[in-house]
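Comments concern the structure below.
The values are calculated or read from the model by the stated rules, or taken from the named source; none is laboratory data. Computed from a predicted structure; not experimentally measured. Because the Cβ atoms are built from the backbone with ideal geometry, glycine has one as well, and the counts that use them run over all protein chains shown.
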Amino acid sequence: MLLPKASLLALTILSFHAPSLVDGHGYLETPRSRNWYAHDVLSTGECPGSAGCPPGEYCQHCLNTNAGVCGKSPSNNYETRTDWLDKNGDPMPWRSQGTYVEGGLVTVDSYLDTHHNGHMELRACVMDDADPAVCSTPAEFEGHELVFVEDLVDVAGDHPPMPPDPAHPERGMYAGGQGGPTKGFSMAFRLPPGIAGGRVLLQWKYITANSCSPPGYADYFSAHPDLPDSYWTHGVEECTPPYPSDGTRGTTWPEQFFNCAEVTVLPSGTSSPTVSPKPTDSPTTARPTVSTPPTNAPIAGGPPPCVAEWQDCTYDWQGCCDGYRCTQVDAAGYGRCLTEDTCDDAPPTPPTWPSPPTTKPTTKQETKPTTDQKQ
């Protein structure tokens with residue numbers, strides 16, 4: 001059946017201006033975004049029930065529409081309280097996907113299923129249990145941008161490291177070029193001062209640059225002529241911020257992708273342990289030196305909920321969720337929540353919080369952060 005010309009024109013306009021729901025482009029992998037967590041648990045089996053377990057996500061890279069800050073896929077919405085619900089329809093419990101220190105470095109891994117050039121940005125907001133509406137609007141994240149520090153591409157990687165942009169310090173530029181083979185990226189970002197709490201929500205945005213060029217791109221690539229010419233799209237109009245927060249696209253509004261990750265940020269001055277990888281062999285039974293429990297200031301915003309399986313519990317030996325026990329996994333005394341029958345020994349006494357370094361760390365340590373592993 002042939003459609004009238006007016007109908008064809010209307011369809012053309014809608015297809016241009018409406019956000020795409022078909023092409024999946026990217027997601028935040030570490031710390032695990034809510035949508036990646038909902039996909040990851042399908043294979044890890046770490047949340048097999050209904051209560052406290054999200055519906056499975058099969059299009060984790062498709063969140064290019066948004067009803068607030070955390071993005072929507074074709075089948076799921078990830079907004080706090082109103083839409084981030086378990087299989088029973090109840091609000092999802094908080095599941096911190098990493099522990100960091102205020103003003104410290106975070107290793108951020110992302111994956112671009114379809115590369116359309118562009119850059120990523122991260123912002124933070126401290127949740128408030130007394131007010132469920134907190135951190136539900138983009139304005140609450142503005143002014144709390146994480147600052148890009150370094151592209152953590154391996155020396156033998158498939159692209160040159162992307163330098164920071166002094167004019168736009170919040171941007172982590174993507175290498176590889178549109179449609180190129182590079183899909184996985186790892187970058188170091190610095191958390192903003194004044195953001196600390198047991199429940200901190202990170203918003204990740206991927207700003208594409210194939211339909212229009214974000215302001216400053218021409219200056220950035222002119223300042224770095226060694227970067228391949230394919231890393232940005234020539235001949236397109238300049239994008240005009242601010243971009244619609246719902247993901248609407250236009251001739252000068254780029255396609256955007258939105259994710260949120262739940263993390264814990266300790267107050268500055270608190271030392272954070274180096275977390276060992278998930279053990280594959282039986283954990284050692286060596287115990288740390290007995291010492292006085294730490295006296296550091298409590299986490300702003302209240303303590304996090306129970307610690308889930310495999311998460312770090314070094315400074316909260318009694319905080320594991322039901323069915324798990326904080327078990328020492330290395331000779332340094334660090335622990336993780338394992339099933340109660342993993343070891344026969346009782347949990348060791350918590351070690352003291354490490355003292356802050358007395359000497360200024362080297363540049364290598366500053367720019368190559370050690371952060372929590374993927375949980």
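Summary table below
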item	result
Number of the exception - T208 against (1) at pLDDT below 90; (2) assigned by TED's automatic domain parsing to the domain that holds S96; (3) β-branched (V, I, T)	(1)
Subset of region 154-173 [in contact with a strand residue (DSSP E or B) (Cβ under 7 Å, 6 or more places away or on another chain) and closer than 16 Å to T30 by Cβ]	G172
Residues located in region 154-183, provided they are closer than 20 Å to S213 by Cβ, among the hydrophobic types (A, V, I, L, M, F, W, C) and either without any contact (Cβ under 8 Å) to a residue 12 or more places away in the chain or not in a loop (DSSP other than H, G, I, E, B) (or both)	M173
Of residues in region 225-247 being crowded, with 16+ Cβ neighbours inside 10 Å and under 23 Å from the mean Cα position of the chain (by Cα), the one nearest to T182 (Cα to Cα)	G247
Selection within region 47-79 - crowded, with 21+ Cβ neighbours inside 10 Å and small (G, A, S)	G68, G71, S73
Residues located in region 248-269, provided they are surrounded by 15 or more Cβ atoms within 10 Å (Cβ to Cβ) and without any contact (Cβ under 8 Å) to a residue 60 or more places away in the chain	T252, W253
Pick from region 304-327, criterion touching a Lys or Arg at 6+ places or on another chain (Cβ under 7 Å) and not hydrophobic (A, V, I, L, M, F, W, C), ranking: modelled with the lowest pLDDT	P304
Cross-chain or 6+ apart pairs with Cβ under 7 Å, region 18-39 first and crowded, with 23+ Cβ neighbours inside 10 Å, then in a helix (DSSP H, G or I) and at pLDDT 95 or above	Y27/N35; Y27/W36; L28/W36; R32/D40
Identity of the residue in region 114-145, among the aliphatic types (A, V, I, L, M) and over 24 Å from H25 (Cβ atoms), that ends up surrounded by the most Cβ atoms within 10 Å (Cβ to Cβ)	M127
Extreme residue, modelled with the lowest pLDDT, among residues of region 110-153 that are hydrophobic (A, V, I, L, M, F, W, C), over 16 Å from Q203 (Cα atoms) and assigned to a strand (DSSP E or B)	L112
Residue list for region 78-95, restricted to those being at pLDDT 95 or above and among the polar types (S, T, N, Q)	N88
Residue among G98, G176, G172 that is modelled with pLDDT under 95 and surrounded by 20 or more Cβ atoms within 10 Å (Cβ to Cβ)	G176
Among residues of region 179-211, those that are crowded, with 17+ Cβ neighbours inside 10 Å and farther than 21 Å from G103 by Cβ, counted	9
Qualifying positions in region 84-138 - under 22 Å from V41 (Cβ atoms) and without any contact (Cβ under 8 Å) to a residue 60 or more places away in the chain	W84, L85, D86, K87, N88, G89, D90, P91, M92
Any chance A167 is farther than 21 Å from G71 by Cβ, modelled with pLDDT under 90, aliphatic (A, V, I, L, M) and surrounded by fewer than 18 Cβ atoms within 10 Å (Cβ to Cβ)	no
